[in-house]
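Below: the structure, in structure tokens.
Since every read-out is calculated from the coordinates, none of them should be taken as a lab result. Treat the numbers as computed from the prediction; the structure is a model and nothing was measured. Cβ sites come from the backbone with ideal geometry, for glycine too, and all protein chains shown count toward neighbours.
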Amino acid sequence: MIEEKAFEMKDELISIRRALHKIPETEFEEFKTAEYIRSKLTEYGIPYEAVCGTGTVVTINGKNTGKTVLLRADIDGLPIKDESDFEVKSERVGYMHACGHDIHATCLLGTVKLLNEIKGTLNGNVKCVFQPAEEGSGGALPMINEGVMENPRVDGAFGLHVEPLEKTGNIQIKDGSIMASPDDFKITIQGTGGHGAYPEKSVNPLTVAARILERCHAIPKKYDLPCVVTVCEIHGGTARNIIPASVIMTGTARSLDSDTRAKLNSLIREIAQTTAEEYGAAAELDFSLLFPPVVNDAGMNAIVRKGAEKLSCVKKIITLEKPSMIGDDFAYFAKLVPSAYFRLGVGNADMDAVYPLHSPKFKADENALPIGVSVLVQTAVDFLDTFKG
Ligand SMILES: [Zn+2]
Ligand SMILES: [Zn+2]
């Protein structure tokens, strides 16, 4: 029944997705996107609450006071120029829904509509969260701070992300860590500067930066840690014959658990300081803790799996061996309540022509839209049935 209702909505889902696809907006400036989402909710006669400016929350109360499950969709786009060959293009030059958050928002709108139709059968409440700023500073934590986990109190959460490198009809799940903590670091190296002709008379911070880069990149192997450390920027120097006095380097330090996360912070600090000392320079580290890793609960994954097994539109449920080193601020929900974050295949029939997330050529198969709705609705219903009093 859920699946049939979701597939009846397919044309509407496609038109919603295309409307959102044309107006990608970035962190906390998702004004048109929020307006569109809210206009659809008004059209469906479903009340909502605006949270953190462009965030929107819908609570669907079931037939009795059971548990409350949260479904989250992020809604923001990226500052990427749309170069895909998809027939509908971004109408905002320089911006694109290249991470598929337009699809997440569409699937959640369809889910809200369908759950609202069947609310008389639900054994509890469903809180549907349209969250801004996932790609930027993060919208999950501000929404939590605004009380999104309360009234009614949330008992479990599910989140979905599209995966263009997986075929439409398949979903991917993984117990434990599925997404990394995408922390940032910045190292400022102070040397002395001087003439390029006399390197022996000055402390060249570029030499120090090169050595720090090498040592940082060696961390995962050397310490056998499940992490990634990548230096992505080095800024220093003004001319080909002047040794600069200082250099700034930045990078990303990604880990899958809090121990490794803390270890990376101290290892990078130690490498920066001892390397600088070796050369007679000084180094300062700013380590910015961004999102925690996304850690899935095995029980919640089992609900996704069992739910998906009931749906004929889901062809394969793939258990991932390895987590992704990308981050997602769904992690904040998953830290508070048992959660499952799974991936929805949106790779089209010609898998040689798919591009990864964040590619300017990113394209998704819209046939996945009703599948996403089916899985979300089934999962929410099954969660409430599992934990009914
Ligand atoms: Zn993204
Ligand atoms: Zn994303």
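Below is a table of values for the structure above.
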item: Cα gyration tensor shape for the range 151-237, rounded if a/c is under 1.5, else prolate or oblate; result: prolate
item: Choice from 206, 71, 256 showing the highest fluctuation, given a GNM over the chain with Cα pairs closer than 10 Å; result: 206
item: Highest-first arrangement of 238-246, 23-31, where packing means the average Cβ count within 10 Å; result: 23-31, 238-246
item: Tail fraction, Cα-Cα pairs, the chain, threshold 29 Å, whole percent; result: 47
item: Rounded tilt (10° steps) of 101-117 against the dominant C-alpha axis of the chain; result: 20
item: Nearby lysines by direct alpha-carbon distance to residue 263 (threshold 22 angstrom, same-chain neighbours under 8 apart not counted); result: 186, 221, 222, 322, 335
item: 0 to 90° range, to nearest 10: angle between helix 298-309 axis and the chain longest Cα axis; result: 50
item: Cα gyration tensor, the range 181-288 - rounded (a/c under 1.5), prolate or oblate; result: prolate
item: Most to least packed among 47-54, 325-332 [average Cβ atoms within 10 Å]; result: 325-332, 47-54
item: Rg/Rh for the range 288-389, where both radii come from Cα atoms and Rh is the Kirkwood radius; result: 0.99
item: Peptides ranked, highest mean first, by Cβ atoms within 10 Å: ranges 223-233, 374-384; result: 374-384, 223-233
item: 5 angstrom amide H check on residue 23, placed H, neighbours 5+ away; result: 91
item: Rounded, prolate or oblate (a/c below 1.5 giving rounded, otherwise prolate when a/b exceeds b/c) for the range 105-207 by Cα gyration tensor; result: prolate
item: At 1.567 mPa s and 4 °C, Stokes D of the range 1-150 from Kirkwood alpha-carbon radius, µm² per second; result: 82
item: Value at 222 nm in deg cm²/dmol, rounded to 500, when DSSP H runs of n ≥ 4 in the chain each add -39,500 (n - 2.57); result: -10500 deg cm²/dmol
item: Placed amide H near residue 118: partners under 5 Å, 5+ positions off or other chain; result: none
item: Above-threshold pairs, the threshold being 20 Å between Cα atoms, out of 40/315; 5/310; 89/315; result: 40/315; 89/315
item: Added length on full extension, which subtracts the Cα-Cα distance from 0.36 nm per residue, residue 190 to residue 211; result: 6.1 nm
item: Diffusion coefficient, µm² s⁻¹, Stokes-Einstein with Kirkwood Rh over alpha-carbon pairs of the range 262-323 at 25 °C and 0.890 mPa s; result: 153
item: Candidates 154, 126, 294, ranked by Gaussian network fluctuation over the chain, Cα under 10 Å, top entry; result: 154
item: Contour excess over end-to-end distance, with Cα ends at residue 315 and residue 232 and 0.36 nm allotted per residue; result: 26.0 nm
